[in-house]
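The values are calculated or read from the model by the stated rules, or taken from the named source; none is laboratory data. This structure is a prediction, so every number in the text was calculated from the model and none was measured. Every residue, glycine as well, gets a Cβ built from its backbone with ideal geometry; the counts of neighbours run over all protein chains shown. For accessibility, only protein heavy atoms count, side chains too; no ligands or nucleic acids. Shrake-Rupley method; radii C 1.70, N 1.55, O 1.52, S 1.80 Å.
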Amino acid sequence: MGFPASAPSLSDVSRALAVFAHPDDVDFGSAGTVASWIDQGIDVSYLLITRGDAGGYDDTPRERMREIREQEQRAAAAAVGVQQVDFLDGYADGTLTPTLDLRRDITAAIRRFRPDRVLTSSPLRRWERLAGPSHPDHLAVGEATTCAIYPDARNRFAFPELLERGLEPWVVREVWYAGGPAPDHVVDITGMYPRKLAAMRAHATQTAHMDLETWLRDVLTTVAENAGLPAGRLAEAFTVLRTE
């Protein structure tokens, strides 16, 4: 089973939280859209579950890779206008599952930031693209975040220790899934392309080996063409669901 058709996106969002497994996940699929939200005056924050210690294309020591990739993500966030970037501790790249601990930690972030909208990876696998969107860490974070949105974040009896920390229940009104099957909510990011490209270039450990601009234009052009946008436009695509 795939996603249902997307709901119309909310027009009165003031805060959005992006929850992803690794540094660069938000930028590959969503940086142009995030930049557009910033320009609309939406306060966007990032929550990264790992520091991407299993990434890279050389023999950089893993502890050093964690430090580098955190720095890269902060630079990428700045390129699109995001100021708050948080990382969880205790989770290793390549090992994620939707545990109760992960649900609790994402729930805590939701209750702390109190977003109207959450952007995360799809919990549904794309069988035609086993690489990339269907990375097990991406699926796990999508599932854990979905569980955190409902029922955990809004249920005062879930994780009562969060109430002791002053984190009151919060209802997320909308979720945007990136990387899932048949995304049908398309965002024209043509004007945001330079910022998306800058964000992706900031992830040098992941993109320096690529002809990044050619690859990125091809991907975004294909999304735009498939959505019927005029020639020359660039786009990102999502599934948008109401969660109230």
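Over all other residues within a Cβ to Cβ distance under 12 Å of Asp86, the charged ones net out to 0, with Lys and Arg as +1 and Asp and Glu as -1.
Each Lys and Arg adds +1 at its Cβ and each Asp and Glu adds -1 at its Cβ; summed about the Cα centre, the chain shows a dipole of about 440 debye. Taking a quarter of the surface of the Cα convex hull of region 1-158 gives a mean projected area of 10.0 nm². Spin-label model, Gln71/Glu168: points 7 Å from Cα along the beta carbon direction are separated by 4.1 nm.
When DSSP beta bridges are restricted to pairs lying wholly in the chain, around 30% turn out antiparallel. Rolling a 1.4 Å probe over the protein chains gives Arg62 an accessible area of about 90 Å².
Hey, how many Å between the Cα centroid of region 36-115 and the Cα centroid of region 157-186? That distance is 16 Å.
Per-residue SASA remark: Ser14, around 60 Å² accessible (1.4 Å probe; ligands, DNA and RNA not included).
Projected onto their three principal axes, the Cα atoms of region 67-147 cover extents of 34, 26, 26 Å, largest first. Put simply, the Cα atoms of region 108-244 extend 51, 33, 31 Å along their principal axes, the longest span coming first.
DSSP finds beta bridges in region 105-244, and of those with both partners inside it, around 65 percent are antiparallel.
Under the rule of -39500 (n - 2.57) per DSSP H run of 4 or more residues, summed and divided by the residues of the chain, what mean residue ellipticity at 222 nm is obtained, to the nearest 500 deg cm²/dmol? Can you show the working numbers first?
Numbers: 8 runs with 94 residues, N = 244.
Calculated from helices alone, the mean residue ellipticity at 222 nm is -12000 deg cm²/dmol.
Here the Karplus curve 6.51 cos²θ - 1.76 cosθ + 1.60, taken at θ = phi - 60°, turns the phi angles of region 107-123 into couplings of 4, 4, 5, 4, 5, 6, 8, 6, x, 6, 10, 10, 10, 8, 7, 5, x Hz, with x standing for Gly and Pro. Here, region 22-105 yields an orientationally averaged convex hull projection of 5.9 nm² when only Cα atoms define the hull. Positive end of the dipole of the chain (Cβ unit charges, origin at the Cα centre): among Thr207, Gly55, Ser9, the Cα lying farthest that way belongs to Ser9.
Take the Cα pairs of region 145-209, get the Kirkwood Rh, then feed it into Stokes-Einstein at 37 °C and 0.692 mPa s and tell me D in µm²/s. Don't jump to the answer; show the numbers that get you there.
Details: Rh = 15.6 Å.
In µm²/s, the coefficient rounds to 211.
Each residue of region 202-211 was assigned a 3J(HN,Hα) from its phi angle through the Karplus curve 6.51 cos²θ - 1.76 cosθ + 1.60 (θ = phi - 60°); the sequence is 4, 8, 4, 5, 9, 10, 5, 7, 9, 7 Hz, with glycine and proline shown as x.
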